[in-house]
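Quick notes on the structure that follows.
Read the figures in this text as sums done on the coordinates, not as results from a lab. Just so we're clear, the structure is a prediction, and the values are computed from it rather than from any experiment. Here Cβ is always computed from backbone atoms with ideal geometry, including for glycine, and neighbour counts include all displayed protein chains.
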Amino acid sequence: MHNSSYWLNYFNQNLKNQRIDWSISPDLTQSEKTNILKSLQAWQLGETSEGINLVNAATKHAKKLNDPYYTDAIRLFIKEEQKHGNNLGRYIDLIGEQRIKKDWGDSLFRKIRGLNTDMEFWTIAVITVESTAQIFYQCLKDATNCKLLKQISTDILIDEAAHITFQIERLSLIYKNKPLFMRTVSYYFYTIFYFSTAMVVWFAHKRLFNAGGVYFKVYWIKMKLKFKKTIKKLKPEIENINVENTLSHLL
């Protein structure tokens, strides 16, 4: 497991990477634009959050653990997400479309996040959204033949892989400091939240997913695999308690 100092250095260095050639002109067919535009606009909006509540939660958490670098690492994490939003917005501008200021999915997620200042909730929320984002941006990359959009998507995918590692390491630390019973309760919550959110994302962006060659069955399999690589690794081994069977309808 990496410490916060490592992640602070990682984000500082990664933000210097320039992987997009903006001299390339966007090249979309009308059909391709129709398939991706609404999801592109909605996701761009979601990547533009200032992250004030997240920084507040991180500061509270860092003070509790006497971790002087964690809040700064979170600030750079947010900056990297904002970079994604800026790049997507720039692309939307280049194709002659409008950035949107409101989306029901984004509004719902922001309200849910705003209700809680606990770092544990923030972390599970970010892991869930980043997991869906990996599928989303791969589909965005595959849904058109536009070289510029493919470069933008690839840049984000590279960042998202590290984001998930960053967040799952933090969730693991929080989780392991819980009493045994509360670990079990938390695992139920993590699982229900993860798959409920995954379903909402599917219905909000299924046209884009389908355009990228990912239909519901494949999407669900991918989300289950991502769950096993992240949250499921936290599962407590408790005698006579089988969380996996209880939640088999989701898995």
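Whats the longest run of the chain with zero GluC sites (Glu not before Pro) that are DSSP loop and have at most 12 other Cβ atoms within 10 Å?
51-236
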Exercise. If you take the alpha carbon radius of gyration of the chain and divide it by 2.2 N^0.38 Å, what ratio comes out, to two decimals?
Worked result: 1.03
Problem set entry | Relative contact order for segment 30-246, counting Cα pairs under 8 Å that sit 6 or more residues apart, in percent | 24 percent
